[in-house]
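Throughout, read-outs are computed from the coordinates displayed, never taken from laboratory work. These numbers come from a predicted model, not from an experiment. Please note: Cβ atoms are built from the backbone with ideal geometry, for glycine as well, and neighbour counts cover all protein chains shown.
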Amino acid sequence: MTTAFHIPDRVDMGEGPGGLPRVELRHADGARATVFLHGAHVAAWRDSGGHERLFMSRKAVFRDGQPIRGGIPVVFPQFGRGPLPMHGLVRTRAWRAIRSGVGSHGEVTASFGIEDDDATRVLWPHRFRLELTVTLADALTVALAVENPGPTPFEFQSSLHTYLRVDDIACAGVRGLRGTAVRDFVGGQTSVEARDPLCIEGETDRLYSGAPDRVTVEECAADRALVIEKTGQPDIVVWNPWVEKARRLEDLGDDEYRFMVCVETGCIQAPAALAPGARWTGCTRFTPVCQSPA
Ligand code: TA6
């Protein structure tokens, strides 16, 4: 880990659970974020009002080769199940710290990178280079860039598989999806979303194709609302395991489905195609509606 990455009071590198290297970002307004090099995984984000905005399972595993249950897993080049490991190749691999900085408006940024290697090429025969940039200000912005340095085109799915923390799922909802085509992986049917907000009242696993670029996650307390804005990513997935699936997940407490909802942005329904030398970027910004003190 290079000391050049360190910025006093703003960017600090250290060791987290499981001995995994992690980077702490601190903004002048009190906001903080934690990113593990393992998967370039944003594991925590506390806004300037002191609210913890990301969910992290109390049973999360922090170990090489294992996915972290919470925060913002990076999914590439496959979403969900398929010929590759679940959610692809990069969320359980070590990324490297590339650069950090403080912008002209005090925003704190850190970038992380990973590329193909012998092991990934055995599973997926393509060159790739990814860069994830985290920007901490009054909002949290996460940008994923995918480059194709190889001689042949490839297609990929990607997602920022964001686990949001909610005070109580019983009064949380996702506003802005009405009228969007939705594929329900629980019931199996495809329809058009009619609800606004979408409330979570059972196991929920819904892929919204061509979703609006702005949705809001609302809670009982109005000041907990969070605006999610996406660019370059056509789709949104809303997921909550609910009771039975939560029980089956070893790295999730039985009751923790009540305190989380995944609102994932990505390129899922229709994989993105990347020609040799081309670059794709997808960005998601999370903005608390109100930054009142916790
Ligand atoms: O969130 C969409 C989804 O594919 C769900 O079907 C569920 O499998 C979830 O991801 C699990 O993600 P995980 O972090 O356990 O790999």
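Can you list the HN-Hα couplings for segment 83-96, worked out from phi with the Karplus curve (6.51, -1.76, 1.60; θ = phi - 60°), rounded to whole Hz and with x for Gly and Pro?
In residue order, the calculated couplings are x, 9, x, 3, 6, x, 10, 10, 6, 10, 10, 7, 8, 10 Hz.
With θ set to phi - 60° and the Karplus curve 6.51 cos²θ - 1.76 cosθ + 1.60, what are the ³J(HN,Hα) couplings of segment 104-120 in order, to the nearest whole Hz, using x for Gly and Pro?
Result, ordered by residue: 5, 9, x, 5, 9, 10, 8, 10, 10, x, 7, 9, 4, 8, 4, 5, 6 Hz.
Please state, rounded to one decimal and in Å, the Kirkwood hydrodynamic radius that segment 1-147 gives when every pair of distinct Cα atoms enters the mean of 1/r.
So the Kirkwood estimate lands at 15.7 Å.
Over the residues of segment 187-294, compute the C-alpha Rg and express it relative to 2.2 N^0.38 Å.
Normalised Cα radius of gyration, segment 187-294: 1.23.
Return the calculated 222 nm mean residue ellipticity for the chain, to the nearest 500 deg cm²/dmol, obtained by summing -39500 (n - 2.57) across DSSP H runs with n ≥ 4 and dividing by the residue count.
It lands at -1000 deg cm²/dmol.
Name the residues whose placed amide hydrogens come within less than 5 Å of the amide hydrogen of Gly80, ignoring near sequence neighbours (fewer than 5 apart) on the same chain.
Amide H to amide H, under 5 Å and 5 or more residues apart or across chains, Gly80 pairs with His87.
Over all distinct alpha-carbon pairs, what is the Kirkwood Rh of segment 106-245 in angstrom?
It works out to 17.4 Å.
Can you compute 3J(HN,Hα) from phi for each residue in segment 257-274, using the Karplus curve 6.51 cos²θ - 1.76 cosθ + 1.60 with θ = phi - 60°, rounded to whole Hz and x for Gly and Pro?
So the J values, rounded to whole Hz, are 4, 6, 10, 8, 8, 8, 10, 9, 10, x, 10, 10, 4, 10, x, 8, 9, 10.
With label points built 7 Å along Cα→Cβ from the Cα atoms of Ile7 and Glu201, find their separation and express it in nm.
Each label point lies 7 Å from its Cα, and together they span 4.7 nm.
Among Glu229, Glu218, what is the fewest-to-most ranking by other Cβ atoms within 10 Å?
Taking fewest neighbouring Cβ atoms as first place, the list is Glu229, Glu218.
Give the average over all directions of the projected area of the C-alpha convex hull of segment 76-170, one decimal, in nm².
If you wrap the Cα atoms of segment 76-170 in a convex hull and average its projections, you get 8.5 nm².
Want the number for Ala221 to Asp184: 0.36 nm per residue separation, take away the alpha-carbon distance, what's left?
Between Ala221 and Asp184, full extension yields 10.5 nm more.
Can you pull the semi-axes for segment 64-111, root of five times each eigenvalue of the Cα gyration tensor, sorted largest first, whole Å?
Over the Cα atoms of segment 64-111, the semi-axes work out to 28, 11, 10 Å.
So for the chain, what are the equivalent ellipsoid semi-axes in whole Å, largest first, each being the square root of 5 times an eigenvalue of the Cα gyration tensor?
Over the Cα atoms of the chain, the semi-axes work out to 27, 25, 18 Å.
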